[in-house]
Amino acid sequence: MSDRQVVFAQVGLGFTINGLGACLVLLARDLATPAAGLAWLSSSFGAGLLAAGFAGRWVLRRHPQPVLRIAALVTAAGTALLATAPVAALAAAGAVLLGLGAAGVVLVTPALLRGQDLAPRLARVNAAGSVAALLGPLTIGALDTAGVSGRLALLAAVVPLVLAAFGVRPGAPMTGADGAPPRRAAAAAWAAVVVAVAMEFCFSIWATARLQATGLTAGTAAAAAAAFLAGMAGGRLLAPRLLRRGVPVVPLSCGLVAAGTLIVALAGTPAPVAAGLLAAGLGIGPLYPVTLARLVQVPGLTAARSAAYGALASGTAILAAPAGLAVLGTALDLPAAFLITVLPLAVLLLLLARARPGASAATRAS
């Protein structure tokens with residue numbers, strides 16, 4: 001199967017998921033509902049990933065192609081409901097469908113891309129999602145500023161999701177049985193994915209608050225926080241070329257994350273904080289596709305099992321890491337919380353990357 005359909009799905013996913021925060025603010029306004037009462041909707045993606053992680057081996061036991069079709073259509077339906085819902089109950093249903101469908105896309109992506117050059121291919125399709133993620137909040141804000149409900153901007157994501165669903169062609173079934181993967185290698189690879197996703201979502205969720213603490217208004221801080229998403233997109237666009245040239249991407253990325261985090265935590269004015277967010281995003285961008293490829297390539301794991309483990313790792317990180325950062329930020333302050341949580345995570349990821357699992361670089365066809 002061509003990577004094109006996966007790219008379409010990731011574009012729709014990136015636009016919608018990263019516009020969810022802005023959408024919930026507008027939803028609370030449009031429905032005259034306290035924002036706190038809708039906060040749980042933002043956790044639907046993480047909960048969906050946990051469900052996909054536990055059910056993934058069963059869901060992917062034969063052909064992964066129908067899973068992409070169903071997941072893309074469910075995501076499109078949830079997105080359309082969030083964009084147009086006139087009452088909170090329909091918006092909640094949309095958020096649940098979005099969470100489950102998006103989790104299905106994340107689950108099936110590595111299974112569909114199995115084969116040679118997995119890490120560069122994962123980086124490429126995730127780069128498309130990251131570019132869309134950068135456009136999502138900007139489009140929502142621009143439309144709302146023009147006097148039209150910004151939620152309607154989410155409907156733009158329905159188009160690539162439908163293209164992903166109806167462009168799917170039958171492919172080879174997933175064959176093979178689980179072997180006995182080295183536990184240490186599998187656990188290290190799984191933890192590396194958790195770390196990569198945890199850093200990504202900590203920055204994504206708390207970048208605006210950090211910029212606002214430097215004296216920016218909420219709207220200006222939200223716009224400046226796009227520096228992190230721009231860095232992510234740049235990092236993922238560069239990653240395939242670097243990987244094919246044999247550049248040690250993980251140590252380089254961790255160095256950028258560490259430097260960017262120091263700037264974000266220690267700077268007191270908006271410009272250097274935004275620059276730190278850009279540097280951190282550039283470093284964090286390649287880490288998810290690289291660590292996920294490593295998990296998929298652990299010997300003894302079929303594509304279905306490793307994809308399920310990857311979804312479980314992402315769900316764990318998305319639900320736990322930003323909440324943990326919030327707790328630390330309340331107990332100390334947000335800059336100190338960034339230092340305490342993100343730098344040790346970067347160091348841990350570097351250590352995990354240096355521990356070779358003894359796997360070949362080729363992804364199995366099972």
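The values are calculated or read from the model by the stated rules, or taken from the named source; none is laboratory data. Since the structure is predicted, the reported quantities are computational estimates derived from the model, not experimental observations. All Cβ positions, even for glycine, are placed from backbone atoms using ideal geometry, and neighbour counts span all protein chains on display. Heavy atoms of the whole protein, side chains included, go into the accessibility calculation; ligands, DNA and RNA do not. Shrake-Rupley method; radii C 1.70, N 1.55, O 1.52, S 1.80 Å.
Only a single item in (1) of a type outside the set (S, T, N, Q); (2) modelled with pLDDT under 90; (3) open to solvent by less than 30 Å² (accessible area, probe 1.4 Å) is not met by residue 320, and it is number (3). Counting only residues that are closer than 13 Å to residue 166 by Cβ and not hydrophobic (A, V, I, L, M, F, W, C), region 66-91 holds 2 of them. For region 264-285, residues that are free of Cβ contacts under 8 Å to residues at least 40 places away in the same chain and either within 23 Å of the chain's Cα centre (by Cα) or buried (at least 24 other Cβ atoms within 10 Å of the Cβ) (or both) total 1.
Exactly one residue out of 164, 191, 157 is modelled with pLDDT of 80 or more, under 24 Å from residue 236 (Cβ atoms), out of contact with any Gly (no Cβ under 9 Å at 6 or more places or on another chain) and of a type outside the set (Asp, Glu), and it is 191.
Taking the criterion of being open to solvent by less than 50 Å² (accessible area, probe 1.4 Å), closer than 23 Å to residue 306 by Cβ and assigned to a loop (DSSP other than H, G, I, E, B), the only residue of region 1-29 that qualifies is 3.
Being surrounded by fewer than 23 Cβ atoms within 10 Å (Cβ to Cβ) and at negative phi holds for only one residue in 80, 102, 72, 32, and it is 80. On the basis of being in a helix (DSSP H, G or I) and within 24 Å of residue 14 (Cβ to Cβ), does residue 262 make the cut? So residue 262 fails the test. The single residue among 350, 345, 292 that is open to solvent by 30 Å² or more (accessible area, probe 1.4 Å), touching a helix residue (DSSP H, G or I) at 6+ places or on another chain (Cβ under 8 Å) and over 21 Å from residue 225 (Cβ atoms) turns out to be 350. Consider region 22-69 and keep the residues that are under 16 Å from the mean Cα position of the chain (by Cα) and at pLDDT below 85. The one that is farthest from residue 142 (Cα to Cα) is 43. Can you find a residue in region 287-300 that is under 24 Å from residue 210 (Cβ atoms) and touching a residue at least 60 places away in the same chain (Cβ under 8 Å)? Looking for residues that are under 24 Å from residue 210 (Cβ atoms) and touching a residue at least 60 places away in the same chain (Cβ under 8 Å), one finds at least one in region 287-300, hence yes.
Yes or no: residue 57 assigned to a helix (DSSP H, G or I), open to solvent by 50 Å² or more (accessible area, probe 1.4 Å), charged (D, E, K, R) and in contact with a helix residue (DSSP H, G or I) (Cβ under 9 Å, 6 or more places away or on another chain)? Against the criterion (assigned to a helix (DSSP H, G or I), open to solvent by 50 Å² or more (accessible area, probe 1.4 Å), charged (D, E, K, R) and in contact with a helix residue (DSSP H, G or I) (Cβ under 9 Å, 6 or more places away or on another chain)), residue 57 qualifies. Residues of region 224-255 that are in a helix (DSSP H, G or I) and either in contact with a Cys (Cβ under 7 Å, 6 or more places away or on another chain) or open to solvent by 60 Å² or more (accessible area, probe 1.4 Å) (or both): 237, 238, 241, 244, 251, 252.
The one condition from (1) touching a residue at least 60 places away in the same chain (Cβ under 8 Å); (2) open to solvent by 20 Å² or more (accessible area, probe 1.4 Å) that residue 40 does not meet is (1).
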